[in-house]
Amino acid sequence: MSLHVVEHPLANKILTDLRDETTKASRFRELGKQLTYFLLIEATRGLKTKPRNVRTPLAEFDGTDLGQSVVVVPILRAGLTMLQPAVEMLQDVSVGYIGMERDETTAVARTYYCKLPNLNDKFVIVLDPMLATGRSAESALEMVMEHEPDKVAMVSMIASPEGIRRLENSFTNIPIYTAAVDERINEHRFIVPGFGDFGDRAYGTD
Ligand code: URA
(Lines give C-alpha, C1' and ligand atoms only; values in the text may rest on other atoms or scores of the structure.)
Protein backbone atom coordinates (compact mmCIF):
# COMPACT_ATOMS: atom_id res chain seq x y z
CA MET A 1 0.00 0.00 0.00
CA SER A 2 1.44 3.36 -0.95
CA LEU A 3 0.09 6.81 -0.23
CA HIS A 4 0.36 9.53 -2.90
CA VAL A 5 -0.54 13.04 -1.80
CA VAL A 6 -0.95 15.20 -4.88
CA GLU A 7 0.70 18.54 -4.13
CA HIS A 8 0.05 21.39 -6.54
CA PRO A 9 -0.70 25.08 -5.95
CA LEU A 10 -3.87 24.85 -8.05
CA ALA A 11 -5.02 21.67 -6.31
CA ASN A 12 -4.43 23.36 -2.93
CA LYS A 13 -6.50 26.36 -3.97
CA ILE A 14 -9.32 24.09 -5.14
CA LEU A 15 -9.15 22.21 -1.83
CA THR A 16 -9.42 25.48 0.10
CA ASP A 17 -12.45 26.57 -1.95
CA LEU A 18 -14.06 23.16 -1.33
CA ARG A 19 -13.43 23.48 2.41
CA ASP A 20 -14.99 26.96 2.50
CA GLU A 21 -18.47 26.54 3.97
CA THR A 22 -19.78 29.44 1.87
CA THR A 23 -19.09 27.59 -1.41
CA LYS A 24 -22.43 26.85 -3.05
CA ALA A 25 -23.44 23.42 -4.42
CA SER A 26 -22.92 24.12 -8.15
CA ARG A 27 -19.45 25.61 -7.55
CA PHE A 28 -18.67 22.78 -5.11
CA ARG A 29 -19.44 20.18 -7.81
CA GLU A 30 -17.30 22.04 -10.36
CA LEU A 31 -14.37 22.25 -7.94
CA GLY A 32 -14.72 18.56 -7.13
CA LYS A 33 -14.55 17.80 -10.83
CA GLN A 34 -11.38 19.88 -11.24
CA LEU A 35 -9.67 18.23 -8.28
CA THR A 36 -10.59 14.80 -9.62
CA TYR A 37 -8.61 15.53 -12.81
CA PHE A 38 -5.48 16.19 -10.75
CA LEU A 39 -5.94 12.97 -8.81
CA LEU A 40 -6.67 10.84 -11.87
CA ILE A 41 -3.58 12.06 -13.68
CA GLU A 42 -1.48 10.69 -10.81
CA ALA A 43 -3.54 7.55 -10.30
CA THR A 44 -3.20 6.51 -13.96
CA ARG A 45 0.57 7.05 -14.16
CA GLY A 46 1.12 3.26 -14.07
CA LEU A 47 -1.26 2.45 -16.95
CA LYS A 48 0.22 0.11 -19.52
CA THR A 49 0.78 1.57 -22.97
CA LYS A 50 1.28 0.11 -26.43
CA PRO A 51 2.88 1.58 -29.58
CA ARG A 52 0.69 3.49 -32.03
CA ASN A 53 2.19 5.04 -35.11
CA VAL A 54 0.47 8.04 -36.65
CA ARG A 55 1.25 10.47 -39.41
CA THR A 56 1.33 14.16 -38.55
CA PRO A 57 0.90 16.60 -41.46
CA LEU A 58 4.73 16.59 -41.61
CA ALA A 59 6.08 13.16 -40.68
CA GLU A 60 5.55 9.69 -39.26
CA PHE A 61 5.43 9.61 -35.47
CA ASP A 62 5.98 6.62 -33.15
CA GLY A 63 3.35 7.36 -30.55
CA THR A 64 1.58 5.41 -27.85
CA ASP A 65 -1.91 4.30 -27.01
CA LEU A 66 -3.34 2.92 -23.82
CA GLY A 67 -2.53 -0.77 -23.61
CA GLN A 68 -5.03 -1.65 -20.95
CA SER A 69 -8.71 -1.11 -20.22
CA VAL A 70 -9.75 1.04 -17.31
CA VAL A 71 -12.76 0.55 -15.08
CA VAL A 72 -13.88 3.27 -12.69
CA VAL A 73 -16.04 2.39 -9.71
CA PRO A 74 -17.66 5.30 -7.88
CA ILE A 75 -18.98 4.52 -4.42
CA LEU A 76 -22.50 5.98 -4.32
CA ARG A 77 -23.52 8.60 -3.61
CA ALA A 78 -20.60 11.03 -3.18
CA GLY A 79 -18.33 9.11 -5.59
CA LEU A 80 -20.71 9.99 -8.44
CA THR A 81 -19.36 13.54 -8.34
CA MET A 82 -16.00 12.12 -9.54
CA LEU A 83 -17.44 10.04 -12.38
CA GLN A 84 -17.88 12.71 -15.04
CA PRO A 85 -14.22 13.84 -15.03
CA ALA A 86 -13.15 10.18 -15.06
CA VAL A 87 -15.17 9.27 -18.16
CA GLU A 88 -14.22 12.53 -19.88
CA MET A 89 -10.53 11.97 -19.27
CA LEU A 90 -10.28 8.23 -19.79
CA GLN A 91 -12.88 7.99 -22.58
CA ASP A 92 -12.85 4.20 -23.28
CA VAL A 93 -13.77 3.37 -19.77
CA SER A 94 -16.25 0.97 -18.22
CA VAL A 95 -18.11 1.97 -15.11
CA GLY A 96 -19.07 -0.14 -12.11
CA TYR A 97 -21.25 1.10 -9.26
CA ILE A 98 -21.16 0.21 -5.60
CA GLY A 99 -23.85 1.68 -3.38
CA MET A 100 -22.91 1.83 0.26
CA GLU A 101 -24.43 3.60 3.20
CA ARG A 102 -23.08 3.73 6.66
CA ASP A 103 -25.06 3.12 9.80
CA GLU A 104 -24.69 6.49 11.52
CA THR A 105 -24.35 4.92 14.97
CA THR A 106 -21.91 2.09 14.23
CA ALA A 107 -20.25 3.50 11.07
CA VAL A 108 -20.51 0.00 9.58
CA ALA A 109 -20.92 0.18 5.80
CA ARG A 110 -23.85 -1.70 4.25
CA THR A 111 -23.83 -2.51 0.54
CA TYR A 112 -27.23 -1.87 -1.06
CA TYR A 113 -26.12 -2.05 -4.70
CA CYS A 114 -23.24 -3.58 -6.61
CA LYS A 115 -22.98 -3.76 -10.38
CA LEU A 116 -19.49 -4.37 -11.73
CA PRO A 117 -18.34 -4.99 -15.31
CA ASN A 118 -15.66 -7.58 -16.06
CA LEU A 119 -12.65 -6.54 -13.96
CA ASN A 120 -10.32 -9.38 -14.86
CA ASP A 121 -6.91 -7.94 -15.87
CA LYS A 122 -8.32 -4.39 -15.82
CA PHE A 123 -6.92 -1.24 -14.23
CA VAL A 124 -9.58 -0.39 -11.67
CA ILE A 125 -9.99 2.99 -9.99
CA VAL A 126 -12.32 3.21 -6.99
CA LEU A 127 -13.68 6.72 -6.42
CA ASP A 128 -14.86 8.17 -3.12
CA PRO A 129 -14.14 11.82 -2.27
CA MET A 130 -13.85 11.18 1.48
CA LEU A 131 -11.70 8.38 2.92
CA ALA A 132 -12.89 8.75 6.52
CA THR A 133 -13.10 5.55 8.61
CA GLY A 134 -12.13 3.62 5.49
CA ARG A 135 -14.87 1.03 6.07
CA SER A 136 -16.81 1.73 2.86
CA ALA A 137 -13.62 1.85 0.82
CA GLU A 138 -12.41 -1.38 2.41
CA SER A 139 -15.68 -3.20 1.58
CA ALA A 140 -15.72 -1.81 -1.97
CA LEU A 141 -12.09 -2.78 -2.55
CA GLU A 142 -12.75 -6.30 -1.23
CA MET A 143 -15.59 -6.68 -3.77
CA VAL A 144 -13.34 -5.41 -6.55
CA MET A 145 -10.41 -7.66 -5.57
CA GLU A 146 -12.61 -10.78 -5.84
CA HIS A 147 -12.66 -10.21 -9.61
CA GLU A 148 -8.87 -10.39 -10.03
CA PRO A 149 -8.10 -7.04 -11.63
CA ASP A 150 -4.59 -6.27 -12.82
CA LYS A 151 -4.20 -3.12 -10.70
CA VAL A 152 -6.44 -1.23 -8.31
CA ALA A 153 -6.12 2.36 -7.09
CA MET A 154 -8.17 4.19 -4.46
CA VAL A 155 -8.81 7.85 -5.28
CA SER A 156 -10.15 10.24 -2.60
CA MET A 157 -10.03 14.03 -2.42
CA ILE A 158 -9.17 13.96 1.26
CA ALA A 159 -8.22 11.13 3.59
CA SER A 160 -8.01 10.68 7.34
CA PRO A 161 -5.06 8.96 9.03
CA GLU A 162 -7.48 6.31 10.31
CA GLY A 163 -8.87 5.54 6.85
CA ILE A 164 -5.38 5.26 5.42
CA ARG A 165 -4.33 2.93 8.25
CA ARG A 166 -7.36 0.71 7.68
CA LEU A 167 -6.60 0.24 3.99
CA GLU A 168 -2.89 -0.24 4.73
CA ASN A 169 -3.75 -3.03 7.13
CA SER A 170 -6.19 -4.71 4.74
CA PHE A 171 -4.38 -4.49 1.40
CA THR A 172 -0.73 -4.65 0.50
CA ASN A 173 -0.96 -3.58 -3.11
CA ILE A 174 -3.56 -0.82 -3.43
CA PRO A 175 -2.17 2.71 -3.67
CA ILE A 176 -4.20 5.64 -2.33
CA TYR A 177 -4.24 8.93 -4.25
CA THR A 178 -5.45 11.97 -2.35
CA ALA A 179 -4.99 15.74 -2.29
CA ALA A 180 -4.78 16.02 1.52
CA VAL A 181 -4.39 13.96 4.65
CA ASP A 182 -6.46 15.75 7.26
CA GLU A 183 -5.98 15.76 11.03
CA ARG A 184 -8.53 13.25 12.27
CA ILE A 185 -12.11 12.06 12.22
CA ASN A 186 -14.47 13.33 14.90
CA GLU A 187 -17.01 11.47 17.05
CA HIS A 188 -19.54 11.66 14.17
CA ARG A 189 -16.96 10.11 11.81
CA PHE A 190 -16.52 13.30 9.83
CA ILE A 191 -13.09 14.28 8.61
CA VAL A 192 -11.74 17.37 10.42
CA PRO A 193 -11.18 19.97 9.08
CA GLY A 194 -12.61 18.24 5.99
CA PHE A 195 -15.43 19.49 3.78
CA GLY A 196 -18.44 18.51 5.91
CA ASP A 197 -20.87 16.04 4.34
CA PHE A 198 -19.66 15.81 0.75
CA GLY A 199 -22.89 14.43 -0.71
CA ASP A 200 -25.01 17.06 1.04
CA ARG A 201 -22.73 19.88 -0.08
CA ALA A 202 -22.58 18.66 -3.67
CA TYR A 203 -26.27 17.90 -4.04
CA GLY A 204 -27.68 20.57 -1.69
CA THR A 205 -29.43 18.04 0.52
CA ASP A 206 -28.54 19.14 4.07
N1 URA B 1 -18.26 11.53 4.43
C2 URA B 1 -18.43 12.85 4.25
O3 URA B 1 -19.21 13.28 3.42
N4 URA B 1 -17.71 13.70 5.01
C5 URA B 1 -16.85 13.27 5.95
O6 URA B 1 -16.20 14.10 6.58
C7 URA B 1 -16.69 11.88 6.11
C8 URA B 1 -17.41 11.03 5.34
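Sparse packing (at most 12 other Cβ atoms within 10 Å of the Cβ) combined with a DSSP loop state is found for the following GluC sites (Glu not before Pro) in region 113-156: Glu146.
Computing FRET efficiency as 1/(1 + (r/R0)^6) for Glu101 and Val192, where r is the C-beta to C-beta distance and R0 is 25 Å, gives about 0.70.
Taking Cα atoms only, the orientation of helix 161-170 departs from the longest principal axis of the chain by about 60 degrees. Taking other residues whose beta carbon is less than 15 angstrom from the beta carbon of Gly79, and scoring Lys, Arg as +1 and Asp, Glu as -1, yields +2.
Could you give the accessible area per residue of the chain, probe 1.4 Å, as a whole number in Å²? Per residue, the chain has 52 Å² of solvent-accessible surface. From the largest down, region 113-165 spans 31, 21, 17 angstrom on the principal axes of its Cα atoms. Can you flag which of Lys50/Lys151; Lys13/Lys48; Lys24/Lys151 are past 25 Å Cα-Cα? Check vs 25 Å cut-off fails for Lys13/Lys48; Lys24/Lys151.
Applying a DSSP loop filter and a limit of 15 other Cβ atoms within 10 Å to the GluC sites (Glu not before Pro) in region 11-63 leaves Glu21. Over region 136-206, the Kirkwood radius and the radius of gyration, each from Cα atoms, give a ratio Rg/Rh of 1.01. Taking Arg27, Arg19, Arg45 as the candidate residues, the one with maximal mean-square fluctuation in a Gaussian network model of the chain, Cα springs under 10 Å, is Arg45.
In the chain, the portion of solvent-accessible area held by carbon and sulfur atoms comes to 48 percent [1.4 Å probe, whole percent, DNA, RNA and ligands not counted]. Working note: Cα gyration tensor of region 93-136, eigenvalues times five, square-rooted, sorted largest first, giving semi-axes of 24, 12, 8 Å.
Using only Cα atoms, what Kirkwood radius does region 61-147 have, in angstroms? Write out the running numbers ahead of the final one.
Numbers: mean 1/r = 0.0728 Å⁻¹.
Value: 13.7 Å, from the Cα pair sum.
What number, in nm² with one decimal, is the all-direction average of the projected area of the convex hull of the alpha-carbon atoms of the chain?
On the way: hull surface 50.4 nm².
Averaged projected hull area, Cα only: 12.6 nm².
The values are calculated or read from the model by the stated rules, or taken from the named source; none is laboratory data. Model, not experiment: these values are computed from the prediction. Positions of Cβ are backbone-derived with ideal geometry, glycine not excepted, and every protein chain shown enters the neighbour counts. Surface accessibility is based on the protein's heavy atoms, side chains included, excluding ligands, DNA and RNA. Shrake-Rupley method; radii C 1.70, N 1.55, O 1.52, S 1.80 Å.
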